[in-house]
Amino acid sequence: MCSSVPGIYAAGDAACGLDFSTGDYSVQAVQPTAVDHGRIAAANMVRHGSVLHQGCINMNVLDTIGLISVSYGQWQGVEGGDHSSLLDRDRFRYINLQFEEDALIGANTLGITQHIGILRGLIQGQFKLGKWKQRLMDNPMLVMEAYLAATQGA
Ligand SMILES: Cc1cc2nc3c(=O)[nH]c(=O)nc-3n(C[C@H](O)[C@H](O)[C@H](O)COP(=O)(O)OP(=O)(O)OC[C@H]3O[C@@H](n4cnc5c(N)ncnc54)[C@H](O)[C@@H]3O)c2cc1C
């Protein structure tokens, strides 16, 4: 969060921060990114720029008249990647998972709130999903099971 001017730092909406997913620098105008930036900028003020920023994950959660939509990371996918989606039109539920090789790199959902933080954990952890990738391709609702397998080696 150091600027090009020694001793001057930037954070939050005023900063082009490192994007965890792309490695590019951009404004992520959400509170979690502002909080992360602020913490890193403050640490660097006292530690003379020695704290590295690993990048913030781009995300948004929106409540539109009761319909919750969520997006994390590269929900639009990447070239050569795979994706899996499930739509329940009658119940206004949708999930879309994006993979690069066997890692989850992005997701978005509509009308699904259970285990939603797990999606962020799977993306941020950059876990190699192995056989769980195909399982998620077959049924993208198995994110909790995939997370437990990835984090506990099951
Ligand atoms: C309508 C709206 C809805 C949003 N909803 C969400 C949401 O649901 N979830 C989410 O994560 N993010 C949301 N955001 C974005 C989020 O509010 C910002 O990304 C976040 O507040 C940025 O934090 P910041 O500290 O960089 O800037 P700010 O929160 O804007 O803080 C900057 C502060 O600096 C002060 N200031 C400005 N100029 C000076 C000056 N010259 N001297 C002293 N003080 C000054 C301002 O008064 C302000 O208090 C929303 C934003 C808007 C506008």
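For the chain, the share of accessible area belonging to carbon and sulfur comes to 53 percent (1.4 Å probe, ligands and nucleic acids excluded). Accessible surface computed residue by residue for region 60-154, with neighbouring protein chains in place and a 1.4 Å probe, gives 59 Å² per residue. Near Trp75, the amide H atoms lying under 5 Å from its own belong to Ala107; only residues 5 or more places off or on other chains count, and H is placed 1.01 Å from N. Annotation: amide H-H contacts under 5 Å for Phe20 (H modelled 1.01 Å from N, sequence separation of 5 or more, or interchain): Cys56, Ile57, Asn58.
Kirkwood Rh over Cα pairs of region 29-96 into Stokes-Einstein at 37 °C, 0.692 mPa s: D in µm²/s?
Once the numbers are plugged in, D ends up at 217 µm²/s.
For Asp36, the solvent-accessible surface with a 1.4 Å probe is about 40 Å², rounded to the nearest 10. Both the radius of gyration and Dmax for region 59-152 are 12.4, 38 Å, in that order, over alpha-carbon atoms. Other residues with beta-carbon under 12 Å from the beta-carbon of Ile57 carry, at +1 per Lys or Arg and -1 per Asp or Glu, a net charge of -1. Across region 137-152, rounded Karplus estimates of 3J(HN,Hα) from the backbone phi angles (6.51 cos²θ - 1.76 cosθ + 1.60, θ = phi - 60°) give 5, 6, 8, x, 6, 8, 5, 5, 4, 5, 5, 4, 5, 5, 8, 10 Hz, Gly and Pro being marked x. 3J(HN,Hα) along region 24-36, derived from phi through the Karplus expression 6.51 cos²θ - 1.76 cosθ + 1.60 where θ = phi - 60°, amounts to 8, 10, 7, 7, 10, 7, 9, 4, x, 5, 4, 5, 4 Hz, with x in place of Gly and Pro. Quick one: net charge of Leu97's neighbours, Cβ under 10 Å, K/R +1, D/E -1? After counting each charged neighbour, the total is 0. Of Ile105, Ile57, Ile40, the residue with the greatest mean-square motion in the GNM of the chain, using alpha carbon springs below 10 Å, is Ile40. Hey, what number do you get for the chain at 222 nm if only DSSP H runs of n ≥ 4 count, each worth -39500 (n - 2.57), divided across all residues, to the nearest 500? When only DSSP H runs of four or more count, the value is -9000 deg cm²/dmol. For the chain, the relative contact order is 15 percent, taking Cα pairs closer than 8 Å that sit 6 or more residues apart in sequence and dividing their mean separation by the residue count. A Gaussian network model of the chain, with springs between Cα atoms under 10 Å, assigns the largest mean-square fluctuation among Val143, Val70, Val61 to Val61.
The values are calculated or read from the model by the stated rules, or taken from the named source; none is laboratory data. None of these values were measured; they are calculated from a predicted model. Virtual Cβ from ideal backbone geometry, glycine too; neighbours counted across all protein chains shown. Each accessible area value is taken on the protein alone, full model and side chains, heavy atoms only, with ligands, DNA and RNA left out. Shrake-Rupley method; radii C 1.70, N 1.55, O 1.52, S 1.80 Å.
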